[in-house]
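See below for the structure under consideration.
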Amino acid sequence: MSSEPNVLLEIVEPSIYRLTINRPKALNALNRATIAELGAALATVAADHDARVLLVTGAGDKAFVAGADIRAMQDMSPIEGQGFARETMAVFRQLETLAIPVIAVVNGYALGGGCELAMSCDWIVAGENAVFGQPEVNLGLTPGFGGTQRLTRLVGRARALELITTGRQIKADEALRWGLVNHVFPAAQLMDEALTMARQIASKAPIAVRLSKEAVQRGQDLDLDNACQFEAQVFGLAFSTEDKREGVAAFLDKRTPSFSNR
Ligand code: CAA
């Protein structure tokens with residue numbers, strides 16, 4: 001048994017967190033212990049009022065996450081398999097509903113549970129070496145960490161079903177064309193580019209960023225009238241912040257705003 005943590009959590013710059021799935025010898029495959037550590041790391045980020053952005057990546061230069069741990073699933077009973085899926089889905093939902101933006105930095109294989117982890121982030125940036133897919137049918141399995149649902153919502157039913165039923169894996173450029181990935185960068189520059197994006201977010205009014213994410217996420221599950229109503233409430237709430245007063249005043253004074261997260 002390795003004494004290395006399965007999940008590393010660092011503050012790489014003030015207010016910018018990076019979470020790394022750290023099982024490079026198994027291409028960062030997700031077992032129960034890793035999922036539990038992921039949940040604990042997310043709770044730490046959620047409790048930090050100064051956190052502005054979270055980057056999620058995989059250790060090594062070969063894989064983001066190559067899926068659920070196949071070895072660990074070998075002897076699972078149906079009930080245990082269902083439990084593994086439920087526990088993981090709850091943690092992925094914790095990730096998805098984190099108040100701050102979460103960017104998946106996909107540095108290699110993102111297969112099965114790895115693709116599902118990336119899709120639970122707010123958006124994906126990928127290295128040119130990234131590979132996406134839901135190859136569960138090769139194992140006699142179905143996606144189990146939200147893939148049938150999130151992939152369909154992201155790329156549409158036809159493309160999702162093609163990937164899920166053929167097990168075909170797509171490279172970063174095709175994922176970009178499909179809209180699964182927002183940007184593709186040379187592998188060596190990927191983390192720097194993700195950090196540049198994170199700094200940009202961290203420089204904005206933090207409460208406005210969090211409220212915007214909430215409006216987009218909640219609105220997706222509502223009809224347009226109720227979603228726009230929710231947006232109006234969120235917009236009104238932003239008027240109560242110190243940062244709105246500062247942001248508007250700075251614009252009118254032609255100076256850079258200094259936000260206080262209040
Ligand atoms: N689980 C457990 N171990 C894994 C793994 C996984 N998902 N993926 C890779 N590994 C292990 C390999 O067993 C190997 O370990 P050993 O050195 O001890 O033999 C090590 O990682 C390196 O892998 P490979 O030698 O296979 O590396 P490769 O470069 O030849 O191939 C790969 C890379 C194409 C990603 C290949 O490893 C692969 O196909 N992995 C499985 C991908 C997969 O099927 N993912 C879906 C899993 S099921 C799932 O995720 C269900 C769900 O939705 C919840």
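Solvent-accessible area of LYS62, all protein chains in place: 120 Å² (probe radius 1.4 Å, heavy atoms, ligands and nucleic acids excluded). With contributions of -39500 (n - 2.57) from each DSSP H run of at least four residues, the per-residue ellipticity at 222 nm computed over the chain stands at -14500 deg cm²/dmol. The mean of 1/r over all distinct Cα pairs in region 47-156, once inverted, gives the Kirkwood hydrodynamic radius of 14.5 Å.
Taking every C-alpha pair closer than 8 Å and separated by at least 6 residues, the mean separation divided by the residue count of the chain gives a relative contact order of 15 percent.
Ranked by the mean number of other Cβ atoms within 10 Å per residue, highest first, peptides 116-125, 223-232 order as 116-125, 223-232. FRET efficiency for the pair THR97 and SER260, taken as 1/(1 + (r/R0)^6) with r the Cβ-Cβ distance and R0 = 22 Å, rounds to 0.30. Once backbone amide H atoms are built at 1.01 Å from N, PHE185 has ALA126, GLY127, GLU128 as its partners under 5 Å, excluding neighbours fewer than 5 places away on the same chain. Membrane-span-like helices in the chain, defined here as complete DSSP H runs extending at least 15 Å along the helix axis by their C-alpha atoms with mean Kyte-Doolittle hydropathy no lower than 0.0, are 32-47, 190-202, 224-238; this is a sequence and geometry rule, not a statement about a membrane. For the chain, what % of the accessible area comes from carbon and sulfur atoms, probe 1.4 Å? That share works out to 55 percent.
When the gyration tensor of the chain is built from Cα positions, what are the square roots of 5 times its three eigenvalues, in whole Å, from largest to smallest?
Values: eigenvalues 217, 83, 66 Å².
Equivalent ellipsoid of the chain: 33, 20, 18 Å, largest first.
Heavy atoms of the protein chains alone define the surface here; on that basis region 196-262 has 70 Å² accessible area per residue at 1.4 Å probe size. Report the paramagnetic label zone for GLN82: residues of region 116-153 whose backbone N is under 19 Å from a point 7 Å from Cα along the Cα-to-Cβ axis. Inside the label zone: 141-149. Separation of region 80-142 from region 169-197 is 15 Å, based on Cα centroids. For the pair GLU10 and ALA90 in one chain, pulling the backbone fully straight at 0.36 nm per residue adds 26.5 nm over the alpha carbon distance. With a bin width of 10 angstrom, please list the P(r) values of region 206-253 as percents of all Cα-Cα pairs, from the 0 bin to the one holding the largest distance. Taking all Cα pairs of region 206-253, the binned fractions are 27, 45, 23, 6 percent. With protein chains left intact and a 1.4 Å probe, residues in region 67-165 average 44 Å² of accessible area per residue. When the Gaussian network model of the chain links Cα atoms closer than 10 Å, the mean-square fluctuations of LEU252, LEU141, LEU161 top out at LEU252. Close Lys pairs in the chain, defined as Cα atoms under 20 Å apart and 8 or more places apart or on different chains, number 7.
The values are calculated or read from the model by the stated rules, or taken from the named source; none is laboratory data. Predicted model only: the values in this text are computed from it and were never measured. Every residue, glycine among them, receives a Cβ derived from its backbone with ideal geometry; neighbour counts consider all protein chains shown. What goes into the accessible areas is simple: the full protein's heavy atoms, side chains included, and nothing from ligands, DNA or RNA. Shrake-Rupley method; radii C 1.70, N 1.55, O 1.52, S 1.80 Å.
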